[in-house]
1. For the stretch 33-75, enumerate the residues that are within 16 Å of the ligand (Cβ to nearest atom) and small (Gly, Ala, Ser).
2. If I go through the stretch 365-382 residue by residue, how many of them are farther than 18 Å from Gly227 by Cα and surrounded by 19 or more Cβ atoms within 10 Å (Cβ to Cβ)?
3. Taking only the stretch 397-424 into account, find how many residues are buried (at least 20 other Cβ atoms within 10 Å of the Cβ) and either closer than 17 Å to Gln259 by Cβ or touching a strand residue (DSSP E or B) at 6+ places or on another chain (Cβ under 7 Å) (or both).
4. Go over the candidates Ala81, Ala128 one by one and state the one that is in a helix (DSSP H, G or I), away from the ligand (no atom under 16 Å from the Cβ) and buried (at least 17 other Cβ atoms within 10 Å of the Cβ).
5. Which one of Val362, Val302, Val296, Val328 is crowded, with 21+ Cβ neighbours inside 10 Å and not assigned by TED's automatic domain parsing to the domain that holds Ala235?
6. Could you list, in sequence order, the residues of the stretch 250-275 that are more than 10 Å from the ligand (Cβ to nearest atom) and either assigned by TED's automatic domain parsing to the domain that holds Val344 or without any contact (Cβ under 8 Å) to a residue 60 or more places away in the chain (or both)?
7. Looking only at the stretch 326-359, how many residues end up being of a type outside the set (D, E, K, R) and part of a loop (DSSP other than H, G, I, E, B)?
8. Check off (1) in the same structural domain as Ile426 (by TED's automatic domain parsing); (2) modelled with pLDDT under 95 for Lys29 and give me the number that stays unchecked.
Amino acid sequence: MSYSVSQERKIVTELPGPRSVELQKRREKSVSRGAGTLANIYMDHGAGAILVDVDGNQLIDLGCGIGVTTIGHAHPEVAAAAAAQAAKLTHTLFTVTPYENYVRVAEKLAEITPGDFEKHSILVNSGAEAVENAVKIARKFTGRRAIVALDHAFHGRTNLTMTMTYRPWPERAGMGPFPGEIYSVPTSYPYRDGLSGAEAAAKTIDYITTHIGASEIAAFFVEPIQGDGGIVIPAPGYFAAIKSFCEENGILFVADEIQAGIARTGAWYSIEHHGVVPDLITTAKGIAGGFPLAAVTGRAEVMDSVQPGGIGGTFGGNPVSTAAALAVFEIIERDGLLAEAQRVERQLRARIGDWTERYDVVGEVRGKGAMFGVELVKPGTTDPNPEALSSVLRYATTHGVIPLDAGSWDSVLRIMPSVVISEELIDDAASVLEAALARL
Ligand SMILES: *Cc1c(COP(=O)(O)O)cnc(C)c1O
C-alpha cells in the first residue's frame, strides 16, 4: 500500500512546535481542564502509522488514539465509504425507520464474534454506552442485580461504567454517588501475583463466595487483555475456569473487547486466545476507523430478553459510522490484517523483548498482536515506577513518538500501533524509547 504521507519520523521544529503552542494557549481558555492530554501536540493529518502535526512534524503513532485507528490513519477507503454515505443519508434513527448498513454490521458481528449459536446485536455510540447496555441486558435476562468486574479493569467514564472501572483516580475521584451492586474482584496478574490460572481463578471465586454470593450475580465482565489496566494478560486457564464457574452459577460471561477486539491482537477478538466463548461481547474503538460506533453482541435469547424500546438511542448505529465499519471489516479481511497484527507481535518481541535484561527499570515486556505493555519498576524491585513512565513519555513525545500510559499505578508503557506499521518504524520508535530508558 502506498500512503499519502511518507512512513517515516521527521522532526522539523521543536516539539511541541510554535503552532501547537499557540493552539494550546487558546485551548486553555476554552476547553475544560478535565479533558487531560498526554502530549500537547496538535495534529493536522495522518496516514498509516504516521501523524503529521500542525507544524509539519511527522510523528510515529504508537497509540492509535487508544487503539482506534488499527487499520491506519484516515484510510482512503474508509473515508470514501463515509463520504459517500454522508452524501446519501446521515440519519433516520434506526428505531424509527431502519436502513441496511445497521443490519449488515450486525450480521458481520455475528459472523466474527466467537460462538456458533445465533447472535444478535445492538449498536450504540461509545464503549461506555455498550458496557452500560450489556449491564442492562444481563440484569434483564437473569433477573439478578450484581455486576462483577476485575481489579485493574477499565470499562468507561459514565456513572455506571466509572464504578466498574477499578481505580479511583482520575476516573472517579470526587464524582460519586456511585450506583450499587458493582463489585471489583481479584484477577490474574501473573507478573504481580505469580499464580497459575487455576490458582488465581480459585482466589477470584473464593472472593465472590465470601463477599457477594454467586447466585446474586447477573454478569461477570472481563477484558481478555486489560488495556488501561496495563496490558494485563491473565495466566493460561484463568478465563476457562471463570467461564465454567459462570456456567455452573447462571452468570453471564461478558468480554469487554472494546480495546483488544477487531484485529488488534491478531484475532478478531482477544478472548479467542483463551479458548473461551462469551455470552456477550462489547465492541467499539477499532470498529469504524475512528467514527463513533459501538456494539453489544451476544446470544440471541439474551439480547432479545429486553422489551422493544428498552435499549437504543438517537445516534446509535449511525449510517455514516456503520458505512465506515463495513469498509473496515472488508479491509481487515482483504489485506490480511489479523496476520499483520501477528507480524507486529513478532517484530515487537524481537526488537524490545530483551529490555528486561537491558534496563533495570523494565520489569516485564508483555503483549499480544499490536498490543504491548512495558511494566516499569524501581530497579531491583517490582515496585511500580510512575516517575520513569512520565520521563519516558516526555522524552518520546518530544522526539516524535507517541506511546500511551497505562496501569493502575501509572507505570506501564503501552504500545498499540496500527497493525500496518512497518518494521522500519517499529525499529525507529524502539530506538527513541531506548534512548528514553537509557537516560533514567
Ligand atoms: C475505551 C474503553 C471503554 C470505554 O469506551 P469509550 O468509547 O471511551 O466510552 C470501555 N472498555 C474498554 C476495555 C475500553 O478500552
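The values are calculated or read from the model by the stated rules, or taken from the named source; none is laboratory data. Values in this document were obtained by computation on a predicted structure and should not be read as measured data. In this analysis, Cβ positions are derived from the backbone assuming ideal geometry, glycine residues included, and neighbour counts consider all displayed protein chains.
1. Gly34, Ala35, Gly36, Gly63, Gly65, Gly67
2. Residues of the stretch 365-382 farther than 18 Å from Gly227 by Cα: 377-382.
Narrowing further to those that are surrounded by 19 or more Cβ atoms within 10 Å (Cβ to Cβ): 377.
So the count comes out to 1.
3. Total satisfying the criteria: 18.
4. Values: Ala128 fails: away from the ligand (no atom under 16 Å from the Cβ).
None of the other options fit; the residue is Ala81.
5. Working: Val302 fails: not assigned by TED's automatic domain parsing to the domain that holds Ala235; Val296 fails: not assigned by TED's automatic domain parsing to the domain that holds Ala235; Val328 fails: not assigned by TED's automatic domain parsing to the domain that holds Ala235.
Going through Val362, Val302, Val296, Val328 in turn, the sole match is Val362.
6. Result: Phe253, His274, Gly275.
7. Residues of the stretch 326-359 of a type outside the set (D, E, K, R): 326-329, 331-332, 336-339, 341-342, 344, 347-348, 350, 352-353, 355-356, 359.
With the extra rule that they be part of a loop (DSSP other than H, G, I, E, B), the set shrinks to 336, 353, 359.
Counting residues in the stretch 326-359 that are of a type outside the set (D, E, K, R) and part of a loop (DSSP other than H, G, I, E, B) gives 3.
8. All conditions are met except number (2).
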